[in-house]
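Worksheet: the structure to be examined is printed underneath.
The values are calculated or read from the model by the stated rules, or taken from the named source; none is laboratory data. Fair warning: this is a prediction, and the values are worked out from it, not measured in the lab. Methodologically, a virtual Cβ is constructed for each residue, glycine included, from the backbone with ideal geometry; neighbour enumeration extends over all protein chains shown. Areas reflect the complete protein model, heavy atoms only, side chains present, ligands, DNA and RNA absent. Shrake-Rupley method; radii C 1.70, N 1.55, O 1.52, S 1.80 Å.
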Amino acid sequence: MNDINVWDKVIDEYKEVKADRYMGIFGYPIKHTLSPIIHDTISDEYLLGERYIPFEVDSNLGEYVKSAYDSGIVGLNITVPYKEKVIPYLYDIDEDAKKIGAVNTLVRTDKGYKGYNTDMEGLYRSIKEAGAEIKDSEVIMLGAGGAARAVAYMCKKYGAKKIYIINRSIDKAKRLAEDMNEDASFKAFIPVPVNAYKDIPKGKYIIIQCTSIGLKNEAGLPLINDMDFYRQAVFAVDLIYNPAKTPFVKCMEKLDIPAINGLKMLLYQGIIANEIWNDIRIDDAVLGKIYSKLIKKLYY
Ligand code: NDP
């Protein structure tokens, strides 16, 4: 008997919302999520009668997943700190998500939820759209946390030639590199301690900023405070999108290097999740509408 009810976890602003079908997001904290903008706009544009509810889940994740399933919720996103922890509570997991080791989307099946990782495809789509190419590129990743796992797997799946992973805790960079090098035909991932960044051969790199430095608008560059190092970038991505201009993005602009923040990644991971939930294709006009709503929510 499960006494836990997921609807007790709805954040205050959503308590009175009514719909035919519900989707939602589990995380902690969750108040500032932008995801309802994505999914509620899609529902309104395609007359789907759906609403997307943020649930502030602070404990008992497994019971809340079960309660969401029992109460008919058709899809969930999973965010910090549960992308890895949710895996034991899934009925099934998509192959890519399994290899990444993190799930951000649950899809209802007859027997339970199936987990996917749409962060990875969302990031790839945002990079392609900006005109950069992962295939045969050399990449430097800053960070080796949860999100970095999806980034590393994207590099592997889409054929990056060499990937250097710099992280404050070198053990995490080593573990990530080992996981990604497993069953690969050649060892493309190389962990690098922060103080050894000059050992990376001079070259032309896509630099992907995957740490949480910049989220609080801190001064200073993430991990490496050396403009010459960043000058090697031919294209740059910061996974952070709020503030819109992170210290990393500002640094790239100063050097005249094309750079994007993580807003399109956020948009596309949501679009891909919604396309799976509703079995639809979301057209460019709707994408544009959602994007203009999202950018208004950022601070500059
Ligand atoms: P994690 O907490 O799992 O990882 C944080 C990373 O940042 C680690 O590599 C950590 O290093 C590093 N880090 C944090 N603080 C410091 C510091 N003071 N000095 C040096 N390194 C530091 O977070 P996630 O991987 O889940 O998320 C990372 C960022 O990506 C977040 O800011 C998040 O907003 C963004 N993100 C964006 C998404 C999007 O859709 N655009 C999707 C997912 C995430 P260490 O291992 O040494 O602790």
- Alpha carbon Rg of the chain, scaled by the compact-globule rule 2.2 N^0.38 Å: 1.01
- Between Phe55, Thr109, Met23, whose Cα lies farthest towards the positive end of the dipole of the range 1-155 when Lys and Arg beta carbons carry +1 and Asp and Glu beta carbons carry -1, centred on the Cα centre? Thr109
- Note on the structure: Heavy-atom accessible area of Asp94, protein chains in place, probe 1.4 angstrom, given in Å² to nearest 10, is 40
- Label 7 Å along Cα→Cβ of Asp12; the range 30-72 residues with amide nitrogen under 19 Å? 30-34, 53-58
- Query: In percent, what relative contact order does the chain have, based on Cα pairs under 8 Å that are 6 or more apart in sequence?
  - Reply: 15
- When the accessible area of the range 121-262 is computed with all protein chains present and a 1.4 Å probe, what percentage of it is carbon and sulfur? 50
- Which whole-angstrom value gives the distance between the alpha carbon centres of the range 242-300 and the range 181-224? 22
- Could I have the simple spin-label model distance between Asp3 and Asn181, label points 7 Å from Cα toward Cβ, reported in nm to one decimal? 5.0
- Message: Calculate the FRET efficiency for Lys202 and Glu133 from the Cβ-Cβ distance with a Förster distance of 25 Å, rounded to the nearest 0.05.
- Response: 0.75
- Order of 192-205, 245-258 by packing, highest average Cβ count within 10 Å first? 245-258, 192-205
- Task: Round to the nearest 0.05 the FRET efficiency obtained for Ile295 and Asp228 when R0 = 22 Å and r is the Cβ-Cβ distance.
- Result: 0.10
